[in-house]
Amino acid sequence: MACIIRPVVADDFDQVYDFINALENHIFPKEKQLAIFLENLAHPKHIFLLAEINHQPVGFLSCHVQNLIHHGGLVGEIQEMFVDEKYRSQQIGKQLLDALKTLAKQNNLLQIEVTSGFKRVQAHAFYEREGFPHTHKKFVWKVEE
């Protein structure tokens, strides 16, 4: 299904907030999420994309870009990617990734990385189909639990 992929703007917060809550199956404090959203959106290198069909948001992708010493240049890391359940398996995620890949080339990124939790098996298959081989393990230490 063809959709419009466009940059996220501040007015998109409510939709992005709903997408993140659905992605994480958790309701986050809205005021705190707004502050984080605006801070990240203001970062000049980060990439935030919204997928729309008939002016209705159906998907979202955020990619943080860093200039990494161990890579010798810019690397993007997908932080969040979500497609509304009603629109899954309709190429919306692929279109979001294709738009990100185009922007990565235009902005001289060396690579794009993504981390996905063990339980997201369908997401793993999707990323591998889209040219993201499984090359690393991620280790996490939580400050407080």
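Mean sequence separation of contacting Cα pairs (under 8 Å, at least six apart), scaled by the length of the chain, corresponds to a relative contact order of 20 percent.
Restricting attention to the chain, close to 85% of DSSP beta bridges with both partner residues there are antiparallel. Computed over protein heavy atoms with a 1.4 Å probe, the accessible surface of the range 61-143 works out to 71 Å² per residue.
Be a star and scan the range 2-22 for residues whose amide nitrogen sits under 18 Å from the point 7 Å along the Cα-to-Cβ vector of residue 101. Residues 2-6 fall inside that zone. Taking only protein heavy atoms and a 1.4 Å probe, the accessible area of the chain is 53% carbon and sulfur. If you take the Cα centroid of the range 92-119 and the Cα centroid of the range 131-145, the two points sit 17 Å apart. With each label modelled as a point 7 angstrom along the Cα→C-beta vector, the residue 68-residue 142 pair spans 2.5 nm. Within straight-line reach of residue 142, meaning a Cα separation under 21 Å, sit the following lysines at least 8 residues removed in sequence or on another chain: 32, 119. With the simple model of a label 7 Å out from the Cα in the direction of the Cβ, residue 135 to residue 94 spans 2.3 nm. Sparsely packed loop sites in the range 76-133 (the GluC sites (Glu not before Pro) outside DSSP H, G, I, E and B with at most 16 other Cβ atoms within 10 Å) comprise 130. Of the residues 38, 68, 97, ranked by 1.4 Å probe accessible area with the largest first, the sequence reads 38, 68, 97. For residue 38, the shell of other residues with beta-carbons less than 14 Å away shows a net charge of -3, using +1 for Lys and Arg and -1 for Asp and Glu.
Between residue 113 and residue 18, the modelled labels are 3.3 nm apart [label points 7 Å from Cα along Cα→Cβ].
The values are calculated or read from the model by the stated rules, or taken from the named source; none is laboratory data. None of these values were measured; they are calculated from a predicted model. So basically every Cβ, Gly included, is an ideal-geometry build from the backbone, and we count neighbours across all protein chains shown. Ligands, DNA and RNA are excluded from the accessible area calculation, which covers all protein heavy atoms including side chains. Shrake-Rupley method; radii C 1.70, N 1.55, O 1.52, S 1.80 Å.
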